[in-house]
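Q: Below is one structure. I have some questions about it.
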Amino acid sequence: MFVPFTHGQVRFVQFNLSVIRYYNCTVERFRIFTFLRMMEEVDNIIIHSLRQIGCDIGENITNLSGFNTNTELVVEATVKCLDIIKPGLGLSTVLPVNMAARFRLGATLAQACSELGYKGDIGYQTFLYSSEGDLRKVFMFLIEKLPKESDKPLSEPVSNVALLEKSIATAIAQSLAAPWLPHYCHTKGFRNRGRARIPYKFVNLEIPKMESKEEYQDYCIHYMQSVPEQVQNEPSFLPSLISYNARALHSHSMSILDQINWLNKQYCDKMTEANMPGDVNVLNRDSTKNTTLPSTQPQIKDNGTRETKIVDQKILDKMEKQDLQIEKIKVECDSLRNDMEKLQDVIKNLTTSVTQVTTNYQNEEKELTINEEQKKIKARIYDLFQDGEENIKKLEAAIETTTSKLINLGNQWEKHRVPLIQKYRQEREKHSTKASASQKKLDDIKLLKEKERELQEECRNKDQQYSQLVIEVQKLPKEVNRSAYTQRILEIINNIRKQRDEINKVLVDTREIQKEINTLTGRLERSFTVADELIFRDARTNEASRKAYKLLATLHSDCSELVNLVEETGATIREIRDLEEQIDSEATKNVGANLERITADLKQMKQETAELTAQLQNKTS
Amino acid sequence: MELSKDTIDGLTNILNINIVTDDNFLQIIETAISYIHENPMEIRCIIKKSDSKPVLTRKVFTDVVCLLIEAARHNLDEESLRNFLNLVYIDEKRVTKLSEVYINNKTAIQSQLELIGNNPSHIIDIDWHLDYCVKLDTCNSLSVPLYHVRLSTKKHETIDHVTFSCTIQQLQELVFKLKDAIKYSEKLTNV
């Protein structure tokens, strides 16, 4: 009865052990998987950043293991990173052929890295005979040290919220930067901001209104206190005024009439809104009227024609008569028109003759006046002829006086003329200078206008460029930015969390199973001792039970052996896994390949040294 | 900037040469400014002294003071005030005069306005002493240090005191809270 039971228990224990092994395996696999995933992500980020700073990394290289065999690439990437972090190192990105120079380059790179603050183990071998892990560490360090985009000047924020935040930031920074002062020094300026000395208390001001009744005006003039007097407490003057303005701005009238008017207005607004489609209807009605009207008119005309047919003949007679009359009148009109034309011709002729006559008359008159003047002169001459000598003398004297007068006038004229001419010249000069100045200004204005036009064109070009660039920016793939990284990082974190949960679950399970195993072994022990005792008691008397006892003992020892074996296998499997891991980690360092490279380099160096010694010997000999 | 319709009417009056004479205009502006600067005694007499249209003068005085205060509150510069006044009424000379007066007195008005307001009291000083409490009563020994703190606060020129006692832990908690606040305000500066 006990045997199958114990056997089943043993099987159960075995099963549990296999479960534990399975769990252990899965945990291990999770660990390795997450490690690989993370390494992959890190490699992606590193390679992406290196590409961004201008390293020529082939498309086929997706992780850092691709760097292992490619020393040139490693050196180039490191030098470029260092150049960006610390410009002015002056290292060449090309790996030199000479072995000694290579070592020197590797050593300087290692030194630069440690100067930047790299804490790990670093030397020329890190770059020249690289292992994946070391390289990853170095590149992670270098890429973290790269100047970030956020260090660059950002474009100005445009939105109101950003501006507000900025102003808040400046205000806080200002007050944080200010040195401490005792409170009685806070009187003015930004120190005093937020430290009001006077509470906001206001008085309801009464302000006289302009258009009102006589009594009110009278009250205003004689009894109303002026605004400053209304405010008894002097510091509440400004608050009172502010509240007065605010109240006047936002108040609603309290009188019932106004409120009713307001309500009516609201109602009207609503009504007009409701009527809007109605108006359209009215318009439509009008248009339909218009369309119906022409259709009625023809009907009326039809009626008319029926009636006219009855009195057709009479009208025809009348028409003939009228035609005759019209023809008569036409003839008369023609004759009258002819008359008119003739008369107009006559009038034209007459007007031309009139003008001729008037010109003649004018000429005659002119001649007459000339003749009259001549007649006067001649009469004067005849008068003077009577006593010629004296008159001649008189005339000469008169001539002399006139000549002297003329000379005088000429002198005077000269006197006046000279300053005037000078003035004129001055003015002209002034004018010319002014003109030149204005010309200059005009030129300036023209230049400015041209400049303005140029600037406008430039501005337009820039605008175009800007819009183009904006379009390009929109076209550009957006996966490159930081958010993608953060998203990835978040994903990784989530994964890790999930995995941790699973690991925890597995651990709990193993613990439970351990507990179960313990209880089962306890129960086994107890049941064995009971069975042992019972059979032992019977064994003295009963032969069969003695046999059974022996069998039980052997069964028990065999089972415990089995359990031990299972445990041992578990331990060995674990050991094997550890060893495998160690092998993997050693393999990543690819010591073999590196050793081969080192030996090759050593050979090359030996060759070079041999050559150099040969040269030396040649020179000395 | 917004002003009530009444005030804007008053401003149209004061900017109109036909309604307010030049002398009166200058007097009103002077009065308004000197009132904002707080020496009210002489002003009262000026207001009483002034002239044939006492009602108008009173109203217009209020309107000018309102305009100056509101402009200072909104921190307008000369150009925008001019634009505003040109919308109200166009008289180049008076608008220029008014905006000139405003610009000359803007900081004064603003510092007057800054003094007005309601705000929580400020801590200006702190005083403390440390007691060591040995026993609570005859039976129980306590041996705990006790801090007595007195904060001096200031609100509207009146100085008040807030006193409290606390254990070391409570005081530390307070200090951490204060440090948090400082850190937060420093973080705000790096927008």
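Q: Test B:Thr138 against the criterion of being without any contact (Cβ under 8 Å) to a residue 12 or more places away in the chain and either closer than 17 Å to A:Ile198 by Cβ or within 14 Å of chain A (Cβ to nearest Cβ) (or both), and give yes or no.
A: Numbers: without any contact (Cβ under 8 Å) to a residue 12 or more places away in the chain: yes; either closer than 17 Å to A:Ile198 by Cβ or within 14 Å of chain A (Cβ to nearest Cβ) (or both): no.
For B:Thr138, the condition - without any contact (Cβ under 8 Å) to a residue 12 or more places away in the chain and either closer than 17 Å to A:Ile198 by Cβ or within 14 Å of chain A (Cβ to nearest Cβ) (or both) - is not met.
Q: Checking the conditions here, which among A:Lys498, A:Lys449 is assigned to a helix (DSSP H, G or I) and farther than 30 Å from A:Val42 by Cα? Before you say what the answer is, go through the steps one by one.
A: Values: A:Lys498 fails: farther than 30 Å from A:Val42 by Cα.
On inspection, the qualifying residue turns out to be A:Lys449.
Q: Looking only at the range A:223-267, which residues are more than 9 Å from every other protein chain (Cβ to nearest Cβ), at pLDDT below 75, closer than 22 Å to B:Val55 by Cβ and not in a loop (DSSP other than H, G, I, E, B)?
A: Answer for the range A:223-267, where residues must be more than 9 Å from every other protein chain (Cβ to nearest Cβ), at pLDDT below 75, closer than 22 Å to B:Val55 by Cβ and not in a loop (DSSP other than H, G, I, E, B): just A:Gln230.
Q: Right, here's the next one. Can you tell me which of B:Tyr147, B:Tyr102, B:Tyr132 is away from chain A (no Cβ under 14 Å) and exposed (fewer than 13 other Cβ atoms within 10 Å of the Cβ)?
A: On the way: B:Tyr147 fails: exposed (fewer than 13 other Cβ atoms within 10 Å of the Cβ); B:Tyr102 fails: exposed (fewer than 13 other Cβ atoms within 10 Å of the Cβ).
Among B:Tyr147, B:Tyr102, B:Tyr132, only B:Tyr132 is away from chain A (no Cβ under 14 Å) and exposed (fewer than 13 other Cβ atoms within 10 Å of the Cβ).
Q: Given the structure, is B:Glu78 surrounded by 19 or more Cβ atoms within 10 Å (Cβ to Cβ) and either under 23 Å from A:Tyr244 (Cβ atoms) or not aromatic (Phe, Trp, Tyr) (or both)?
A: Numbers: surrounded by 19 or more Cβ atoms within 10 Å (Cβ to Cβ): no; either under 23 Å from A:Tyr244 (Cβ atoms) or not aromatic (Phe, Trp, Tyr) (or both): yes.
Here the answer is no, as B:Glu78 does not meet what is asked.
Q: Tell me, yes or no, whether the range B:166-174 has at least one residue that is part of a strand (DSSP E or B), more than 14 Å from chain A (Cβ to nearest Cβ) and either surrounded by 11 or more Cβ atoms within 10 Å (Cβ to Cβ) or touching a helix residue (DSSP H, G or I) at 6+ places or on another chain (Cβ under 7 Å) (or both).
A: Filtering the range B:166-174 down to residues part of a strand (DSSP E or B) leaves B:166.
Applying the additional criterion that residues be more than 14 Å from chain A (Cβ to nearest Cβ) yields B:166.
Right, trim to either surrounded by 11 or more Cβ atoms within 10 Å (Cβ to Cβ) or touching a helix residue (DSSP H, G or I) at 6+ places or on another chain (Cβ under 7 Å) (or both) and you get B:166.
For the range B:166-174, residues part of a strand (DSSP E or B), more than 14 Å from chain A (Cβ to nearest Cβ) and either surrounded by 11 or more Cβ atoms within 10 Å (Cβ to Cβ) or touching a helix residue (DSSP H, G or I) at 6+ places or on another chain (Cβ under 7 Å) (or both): present.
Q: Same structure, new question: Test B:Leu81 against the criterion of being under 14 Å from B:Ile33 (Cβ atoms) and out of contact with any Lys or Arg (no Cβ under 8 Å at 6 or more places or on another chain), and give yes or no.
A: Details: under 14 Å from B:Ile33 (Cβ atoms): no; out of contact with any Lys or Arg (no Cβ under 8 Å at 6 or more places or on another chain): yes.
No.
Q: I've got another one for you. Whether any residue in the range A:581-598 is assigned to a helix (DSSP H, G or I) and touching a Gly at 6+ places or on another chain (Cβ under 7 Å) is what I want to check.
A: As a first pass, look at the range A:581-598 and keep what is assigned to a helix (DSSP H, G or I): A:581-588, A:591-598.
In the following step, the residues that additionally are touching a Gly at 6+ places or on another chain (Cβ under 7 Å) were identified as A:588.
Checked the range A:581-598: at least one residue is assigned to a helix (DSSP H, G or I) and touching a Gly at 6+ places or on another chain (Cβ under 7 Å).
Q: While we're here: Residues in the range B:31-46: is at least one more than 24 Å from B:Ile116 (Cβ to Cβ), surrounded by 19 or more Cβ atoms within 10 Å (Cβ to Cβ), at pLDDT below 75 and of a type in the set (A, V, I, L, M)? Spell out the reasoning first.
A: Taking the range B:31-46 as the starting set, the residues that turn out to be more than 24 Å from B:Ile116 (Cβ to Cβ) are B:45-46.
Those still in the list that are surrounded by 19 or more Cβ atoms within 10 Å (Cβ to Cβ) too: none.
No: the range B:31-46 contains no residue that is more than 24 Å from B:Ile116 (Cβ to Cβ), surrounded by 19 or more Cβ atoms within 10 Å (Cβ to Cβ), at pLDDT below 75 and of a type in the set (A, V, I, L, M).
Q: Scan the range A:549-600 for residues that are within 30 Å of A:Thr510 (Cβ to Cβ), surrounded by fewer than 12 Cβ atoms within 10 Å (Cβ to Cβ), more than 60 Å from the chain's Cα centre (by Cα) and of a type in the set (Ser, Thr, Tyr) and jot them down.
A: Passing the criteria: A:Ser557, A:Thr572.
Q: Of all the residues that make up the range A:73-120, how many are surrounded by fewer than 20 Cβ atoms within 10 Å (Cβ to Cβ) and either in the same structural domain as A:Leu602 (by TED's automatic domain parsing) or in contact (Cβ under 8 Å) with a residue 60 or more places away in the chain (or both)?
A: 5
Conditions (1) under 30 Å from B:Thr158 (Cα atoms); (2) at pLDDT 75 or above, marked per residue:
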| position | (1), (2) |
| --- | --- |
| A:His183 | yes, yes |
| A:Arg191 | yes, no |
| A:Arg195 | yes, no |
| A:Tyr200 | yes, yes |
| A:Val203 | yes, yes |
| A:Ser212 | no, no |
| A:Gln217 | no, no |
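The values are calculated or read from the model by the stated rules, or taken from the named source; none is laboratory data. As the structure is a computational prediction, the values presented were derived from the model and not from experiment. All Cβ positions, even for glycine, are placed from backbone atoms using ideal geometry, and neighbour counts span all protein chains on display.
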